[in-house]
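Working notes for the structure below.
The values are calculated or read from the model by the stated rules, or taken from the named source; none is laboratory data. Just so it is clear, the model here is predicted, and its values are computed rather than measured. All Cβ positions, even for glycine, are placed from backbone atoms using ideal geometry, and neighbour counts span all protein chains on display. In case anyone asks, the SASA skips ligands and DNA or RNA and just uses the protein heavy atoms, side chains included. Shrake-Rupley method; radii C 1.70, N 1.55, O 1.52, S 1.80 Å.
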Amino acid sequence: MRALVIYCHPRRASFTEAVRDVVLARLAAAGAEIRLRDLYAEGFDPVLSPGEHAGYEAEPENRAPVESHVADLQWCDTLIFVYPTWWYGLPAMIKGWLDRVMLPGVAFLMPDAANANIRPGLTQVTRLGVFTTCGASWWLTRLIGAPGRRTLLRGVRLLCAKGCKTVFAAHYLMDSSTPESRKRHLDRVATKMDRFLGASARMTEATA
């Protein structure tokens, strides 16, 4: 298992960081190879520049500005996003990562004479995970349409392998969360990760 974790939060010691640490621990217990991209820590620029936009469809030259991120994306078979939900959607840093790294010839194949629609380019990705926090309640997030969740678990999943396995967990009402609710959520993340990864996580830990 080759897991790429895309992590996004501007502050250290946040609850989102605690969620990330649980995700990483369960991946390690499953014996996964792990690559972590901490977008804020590495100063990732989410802005698609005029030059990048002009050369967006020029393959493979379009990869050059984000070459290391593309290499990680093409390396992984498990892709996990950990981030806070803001305004019901993705933080600008995550959205910019999608804009700049999910490129033609990398994440998808452009339409051509034989194909009217784009085709998946991440067919090696068989697991897709999303772990987030939301200030709003579950019902209000659903009323708005949960655009962040839909972008990743519908839009990105469409570019992955057929039958790509998914997992999602969100702590809602974060602004009124308690130590107890946060602990329950971290336990839930661990349980969901173990189910997502299969029995290998428990077996590896038991024999370590």
Practice prompt. Kindly indicate whether residue 124 is open to solvent by 70 Å² or more (accessible area, probe 1.4 Å) and either assigned to a loop (DSSP other than H, G, I, E, B) or among the polar types (S, T, N, Q) (or both).
Written response: no
Worksheet item: Tally time: how many residues in the stretch 56-80 are free of Cβ contacts under 8 Å to residues at least 40 places away in the same chain, open to solvent by less than 10 Å² (accessible area, probe 1.4 Å) and not in a helix (DSSP H, G or I)?
Response: 0
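The rows are residues; the columns are (1) within 18 Å of residue 171 (Cα to Cα); (2) in contact with a Cys (Cβ under 9 Å, 6 or more places away or on another chain); (3) aromatic (Phe, Trp, Tyr).
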position: 12; (1), (2), (3): no, no, no
position: 22; (1), (2), (3): yes, no, no
position: 29; (1), (2), (3): no, no, no
position: 38; (1), (2), (3): no, yes, no
position: 49; (1), (2), (3): no, no, no
position: 52; (1), (2), (3): no, no, no
position: 55; (1), (2), (3): no, no, no
position: 59; (1), (2), (3): no, no, no
Worksheet item: Out of all the residues in the stretch 81-117, which are of a type outside the set (Phe, Trp, Tyr), surrounded by 15 or more Cβ atoms within 10 Å (Cβ to Cβ) and assigned to a loop (DSSP other than H, G, I, E, B)?
Response: 90, 91, 102, 103, 105, 106, 107
Fill in: Residue in the stretch 150-171 that is nearest to residue 186 (Cα to Cα), counting only those that are outside any loop (DSSP other than H, G, I, E, B) and of a type in the set (D, E, K, R)
165
Worksheet item: Among all residue pairs at least 6 apart or on different chains, which show Cβ distances below 7 Å where the first residue, located in the stretch 2-18, is touching a residue at least 24 places away in the same chain (Cβ under 8 Å) and of a type in the set (D, E, K, R) and the second is loosely packed, with under 14 Cβ neighbours inside 10 Å and not in a loop (DSSP other than H, G, I, E, B)?
Response: 2/75
Worksheet item: Is one or more of the residues making up the stretch 156-170 within 21 Å of residue 1 (Cα to Cα), hydrophobic (A, V, I, L, M, F, W, C), open to solvent by less than 40 Å² (accessible area, probe 1.4 Å) and touching a Pro at 6+ places or on another chain (Cβ under 6 Å)?
Response: yes
